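Written below as structure tokens is the structure these notes are about.
The values are calculated or read from the model by the stated rules, or taken from the named source; none is laboratory data. Given the structure is predicted, the values throughout are model-derived calculations rather than measurements. Ideal geometry is used to build each Cβ from the backbone, glycine not excepted, and the neighbour counts take in all protein chains shown.
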Amino acid sequence: MKVSCLQENLSRGLGIVGRAVSPRSTLPILSHILVATDEGRLRLSATNLEIGINCWVGAKVEEEGSIAVPARTLIDLVNAFPPDRVEMEGVVRTMTLNLTCGRSEANVKGMDSVDFPSVPVPEGEGGFRLNPETLRTAIAQVAFAAATDESRPILTGVLVQFSTDHMTLAAADGYRLSVRSTPIPEPVSEPLSVIVPARAMAELGRICADQLKGQEADTLVLATVTPDHNRILFQLPDVVLVSQLIPGNFPDYQQIIPSDHTTRTVVGTAELLKACRTAQIFARDGAHIVQFHVHPGSELEAGRVVVSATSAETGDDVSELDASVEGEAVDIAFNVNYVIDVLSVIDTPQVMLDTTSTSSPGVIRPVGDEDFIHVVMPMHMGQ
């Protein structure tokens, strides 16, 4: 193999695929990145067997070939190179990749590419076309709510549903639920529902944000499910992410969403987020409990929300916010980290909190955006 490309492009490509590298695998090859020529371009591939990423980099190819190179070494080396052209040559006899950039030269010992697991690329027609910015936003508003505990594998994934002209993402960890519905550019002929690992969705969101900067406005992401329904592929310009699917049935999340409320509170998103971050300083010593005291307004005074946290060791904090309150007064406690997580992904100026009682779930929605809903379970005040 003999190929050359710009250091900047190579570094960006390695940064994308490097996130799929398995740092602690019993298979040494999984800690490597496959460097290969592919129809006049350079293809970089990495996989941890759950997620795989292919990234194509514009290059001048003099000799075809491929080699698997230790990811950490290659990424650090290329990042240390000056912004110049990188010449790469694979030496089959010693299984070494020689790299030259400016006045720097290095030899990296690799492994035979035949041992590298195949990272699939889309084949044939079909699939679902998605707007990358809409997809990135939806992933940001949902994936964080997935469980990190592997005891219930289903909950470590994001439910992805395609129906007619909409896509819906949902994730839950037993304490909170996040659901985002969004229109898709082209209607689908057959409804489809799959569960994608949350980590894969988070990577996809990151790639959408990073890779599509400067791309054409009408660029779409193509999502394709393999015929055996074991994997899903997301194709972007110069990047393909493939992920295993999680088998099983996702819980009926519609049953978790309360159908009514006794109190509706509308408050500034930024103000509430700031109050919660202040309360978090004291709540972290007390099971992360923050209390919300909602007071309806009257003819003489506006409604308000009092956010408070208390720690026996470090002290206490109280923040009072103006709010529009419909219904009864209510006192309810939440895990402050969960509230901060959802407020951080809401970009509307105001947010709505629907509550029923101290022991019933709270429902958080952006004011003016009916397509996003977040349900969070309350905590006991006496904890």
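Filtered by the rule that a residue be outside any strand (DSSP E or B) and either polar (S, T, N, Q) or touching a residue at least 24 places away in the same chain (Cβ under 8 Å) (or both), the stretch 285-310 gives Asp285, Gly286, Ala287, His288, Pro296, Gly297, Ser298. Using the structure shown, decide if Leu169 is closer than 25 Å to Arg19 by Cβ and without any contact (Cβ under 8 Å) to a residue 40 or more places away in the chain. So Leu169 fits the description; yes.
Restricted to the stretch 343-354, and to residues that are crowded, with 21+ Cβ neighbours inside 10 Å and in contact with a Phe, Trp or Tyr (Cβ under 8 Å, 6 or more places away or on another chain), which residue is nearest to Ala146 (Cα to Cα)? Only one residue tops the list, namely Ile346.
When the stretch 51-100 is filtered for residues that are over 15 Å from Ile29 (Cα atoms), assigned to a loop (DSSP other than H, G, I, E, B) and not small (Gly, Ala, Ser), the ones remaining, listed by number, are Glu64, Phe81, Pro82, Pro83, Asp84, Val92, Arg93, Thr94. Across the stretch 287-334, the number of residues qualifying as among the small types (Gly, Ala, Ser), more than 23 Å from Pro349 (Cβ to Cβ) and surrounded by fewer than 17 Cβ atoms within 10 Å (Cβ to Cβ) comes to 6. Is it true that Asp260 is in contact with a Ser or Thr (Cβ under 9 Å, 6 or more places away or on another chain), touching a residue at least 60 places away in the same chain (Cβ under 8 Å) and over 29 Å from Ser151 (Cβ atoms)? Spelling it out, Asp260 is indeed in contact with a Ser or Thr (Cβ under 9 Å, 6 or more places away or on another chain), touching a residue at least 60 places away in the same chain (Cβ under 8 Å) and over 29 Å from Ser151 (Cβ atoms). Selection over the stretch 117-132 of residues that are modelled with pLDDT of 90 or more and either in a loop (DSSP other than H, G, I, E, B) or touching a Gly at 6+ places or on another chain (Cβ under 8 Å) (or both) gives a count of 2.
Within the stretch 234-252, the residues that satisfy the criterion of being touching a helix residue (DSSP H, G or I) at 6+ places or on another chain (Cβ under 9 Å), in a strand (DSSP E or B) and over 10 Å from Val194 (Cβ atoms) are Phe234, Leu236, Val239, Leu241, Val242, Gln244.
For (1) under 13 Å from Phe250 (Cα atoms); (2) assigned to a strand (DSSP E or B); (3) at pLDDT below 90, each residue gets a yes or a no:
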position	(1), (2), (3)
Val142	no, no, no
Ser151	no, no, yes
Val158	yes, yes, no
Arg180	no, yes, no
Val188	no, no, yes
Ser193	yes, yes, no
Ala202	no, no, no
Ile207	no, no, no
Ile232	no, yes, no
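I need the full set of residues from the stretch 230-257 which are surrounded by 15 or more Cβ atoms within 10 Å (Cβ to Cβ) and more than 21 Å from the chain's Cα centre (by Cα), in order please.
Of the stretch 230-257, the ones surrounded by 15 or more Cβ atoms within 10 Å (Cβ to Cβ) are 231-236, 238-246, 250-251, 253, 256.
Once the filter is applied, which keeps residues that are surrounded by 15 or more Cβ atoms within 10 Å (Cβ to Cβ) and more than 21 Å from the chain's Cα centre (by Cα), the stretch 230-257 yields only Ile256.
When each of Arg206, Arg180, Arg199 is tested for being in contact (Cβ under 8 Å) with a residue 60 or more places away in the chain and farther than 28 Å from Thr26 by Cα, the lone residue that passes is Arg180. Selection within the stretch 45-61: residues that are aliphatic (A, V, I, L, M) and under 22 Å from the mean Cα position of the chain (by Cα). The member of this set that is nearest to Val240 (Cα to Cα) is Ile53.
Among the residues of the stretch 256-284, the ones that are over 23 Å from Ala302 (Cβ atoms) and in a strand (DSSP E or B) come to 0 in all.
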